[in-house]
Amino acid sequence: MSSPASTVILGTGAYAPARVLTNAELALTIETSDEWIRTRSGIRERHIAAPGETTSDMAVHAARLAIADAKLQLADIDLLIVATITPDLPMPATACIVQHKLGLATSTACFDLNAACSGFIYALDTASAMIGSGRYRHALVIGAEKLSSIVDWKDRTTCVLFGDGAGAVVVGGSAQPNIGLLGTKLGAYGDCVDLLCIPGGGSNAPATAASLAGGDHFLKMKGKEVFKYAVRGMEEAARDILEQHAIPAHQIALVIPHQANLRIIEAIAQYLELPLERFFVNLDRYGNTSAASIPIALDEARRSGRIKSGDLTLLVAFGAGLTYGSALLRW
Ligand code: UT7
């Protein structure tokens with residue numbers, strides 16, 4: 001196979017579990033209010049996986065829609081990357097489970113990628129590089145999360161923010177240059193691991209009865225500090241990629257940011273001197289779905305006609321690690 005001139009998104013798909021948990025319902029079980037959650041984050045409701053519904057199940061739903069949208073067959077896929085921090089099992093990779101459930105060929109390369117909320121952009125860049133090498137033809141890139149399984153439902157500072165869901169894209173090569181994924185900027189503040197992490201259950205601190213009783217297997221976040229780094233990381237990632245490609249911000253038709261907090265998105269809009277209407281926002285209905293947030297938003301943006309042929313789209317994300325990333329796409 002020869003190397004393509006560029007790599008393009010051929011199809012998108014998304015899935016959210018049927019169960020919707022509203023702020024008002026949360027206020028019945030913890031000391032919070034719809035007003036606090038809405039004004040501090042912009043979130044109104046989130047989807048929660050059914051009992052027994054796994055990250056791989058949600059990934060499979062989104063993947064089927066993306067493959068159909070790309071007008072491809074299962075046999076056309078030879079690379080599968082699942083970006084997630086909530087794998088079905090600590091090992092092996094959820095991608096292998098998705099491969100089997102979807103019925104992809106055993107010759108499909110399968111692996112997971114953990115870059116938290118920036119995971120989809122990291123995975124998109126990885127898939128694009130592998131397709132660009134000419135050694136793979138079509139990649140399925142999925143962001144899928146069951147965050148309801150790692151939040152402490154008694155901790156009001158975190159549990160109100162997160163939700164479950166999955167988004168997927170199919171990436172392929174194109175003979176046309178200067179289209180599709182034009183570039184990415186990835187990075188991480190590795191000195192800030194403690195600001196957002198699950199302290200227990202890894203090889204550093206294997207689970208014990210005491211760690212389980214202490215809730216060490218739940219997500220912990222220092223929200224205020226993370227907020228500051230989120231703004232800084234997303235601003236840097238957005239600025240760097242635009243400078244790299246000599247594109248003024250006003251030429252971006254649509255920014256699809258990670259959906260963590262409306263106030264973070266407003267800060268990025270102000271920094272880029274773009275109106276908020278230029279940003280795709282659906283966090284009011286999903287909450288923060290980590291690696292799934294951008295591909296779900298991308299799918300909704302495409303299907304609702306917010307992305308037109310020739311448009312420049314900027315993806316920008318931030319998450320645990322603390323990772324950040326941006327991607328510039330021309331459709
Ligand atoms: O995906 C990427 C990673 N995550 C993020 O990007 C999240 C970044 N951080 C944030 O979005 C915000 O910091 C939060 C939404 C998490 C919190 O907003 P904040 O304006 O930074 O609030 P705060 O943490 O300073 O809390 C203010 C008050 C505190 O009470 P006191 O100490 O002032 O009396 C909290 O205890 O609000 C209290 N509080 C709540 N009250 C009602 C915290 N959580 C809640 C709650 N309901 N759910």
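Output the residues belonging to the stretch 1-41 that are over 15 Å from Y286 (Cα atoms) and among the aromatic types (F, W, Y).
Listed by number, the list holds a single entry, W36.
Looking only at the stretch 24-38, count every residue that is among the polar types (S, T, N, Q) and more than 9 Å from the ligand (Cβ to nearest atom) and tell me the total.
We begin by selecting, within the stretch 24-38, every residue among the polar types (S, T, N, Q); these are 29, 32-33.
So of that shortlist, the ones also more than 9 Å from the ligand (Cβ to nearest atom) come out as 29.
Count: 1.
Among the residues of the stretch 121-171, how many are basic (K, R) and in contact with a helix residue (DSSP H, G or I) (Cβ under 9 Å, 6 or more places away or on another chain)?
Summing the residues that are basic (K, R) and in contact with a helix residue (DSSP H, G or I) (Cβ under 9 Å, 6 or more places away or on another chain) in the stretch 121-171 gives 3.
Mind checking which residues of the stretch 209-243 are touching a residue at least 40 places away in the same chain (Cβ under 8 Å) and either farther than 20 Å from Y189 by Cβ or acidic (D, E) (or both)?
Those that are touching a residue at least 40 places away in the same chain (Cβ under 8 Å) and either farther than 20 Å from Y189 by Cβ or acidic (D, E) (or both): G215, H217, F218, E236, D240, L242.
Would you check which residues across the stretch 60-85 are of a type in the set (A, V, I, L, M), crowded, with 21+ Cβ neighbours inside 10 Å and either in a loop (DSSP other than H, G, I, E, B) or outside the structural domain of L102 (by TED's automatic domain parsing) (or both) and list them?
Answer for the stretch 60-85, where residues must be of a type in the set (A, V, I, L, M), crowded, with 21+ Cβ neighbours inside 10 Å and either in a loop (DSSP other than H, G, I, E, B) or outside the structural domain of L102 (by TED's automatic domain parsing) (or both): A70, I77, I85.
Table: residues versus (1) in contact with an Asp or Glu (Cβ under 9 Å, 6 or more places away or on another chain); (2) of a type in the set (G, A, S); (3) more than 25 Å from D155 (Cβ to Cβ).
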site: G180; (1), (2), (3): no, yes, yes
site: S203; (1), (2), (3): no, yes, no
site: G214; (1), (2), (3): no, yes, no
site: K222; (1), (2), (3): yes, no, no
site: Y229; (1), (2), (3): no, no, no
site: E235; (1), (2), (3): no, no, yes
site: A249; (1), (2), (3): yes, yes, yes
site: I264; (1), (2), (3): no, no, no
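When you go through T158, T126 one by one, which is the residue that is under 22 Å from I198 (Cα atoms) and touching a residue at least 24 places away in the same chain (Cβ under 8 Å)? Working first, answer last.
Details: T126 fails: under 22 Å from I198 (Cα atoms).
Checking each option against the conditions leaves just T158.
So how many residues does the stretch 253-274 have that are in contact with a helix residue (DSSP H, G or I) (Cβ under 7 Å, 6 or more places away or on another chain), part of a loop (DSSP other than H, G, I, E, B) and more than 16 Å from the ligand (Cβ to nearest atom)?
So the answer is 2.
Which residue, of K146, K154, is of a type in the set (K, R) and surrounded by fewer than 18 Cβ atoms within 10 Å (Cβ to Cβ)? Let's see the steps before the verdict.
On the way: K146 fails: surrounded by fewer than 18 Cβ atoms within 10 Å (Cβ to Cβ).
Every option except K154 fails the conditions.
Looking only at residues in the stretch 38-59 that are assigned to a helix (DSSP H, G or I) and in contact with a helix residue (DSSP H, G or I) (Cβ under 7 Å, 6 or more places away or on another chain), which one is surrounded by the most Cβ atoms within 10 Å (Cβ to Cβ)?
A59
Name the single residue, out of those in the stretch 16-37 being in contact with a strand residue (DSSP E or B) (Cβ under 7 Å, 6 or more places away or on another chain) and assigned to a loop (DSSP other than H, G, I, E, B), that is surrounded by the most Cβ atoms within 10 Å (Cβ to Cβ).
Filtering first and then ranking leaves A16.
Tell me, which strands (runs of 3 or more DSSP E) wholly within the stretch 97-183 include 1 or more residues that are away from the ligand (no atom under 16 Å from the Cβ) and among the acidic types (D, E)?
Numbers: elements: 109-113, 138-146, 164-174.
Where strands (runs of 3 or more DSSP E) fall fully within the stretch 97-183 and carry at least 1 residues being away from the ligand (no atom under 16 Å from the Cβ) and among the acidic types (D, E), they are 109-113.
Looking at (1) in contact with an Asp or Glu (Cβ under 9 Å, 6 or more places away or on another chain); (2) part of a loop (DSSP other than H, G, I, E, B); (3) closer than 30 Å to I307 by Cβ, which is the one condition that is false for P4?
(1)
The values are calculated or read from the model by the stated rules, or taken from the named source; none is laboratory data. Since the model is a prediction, treat every value here as computed from it, not as a measurement. Positions of Cβ are backbone-derived with ideal geometry, glycine not excepted, and every protein chain shown enters the neighbour counts.
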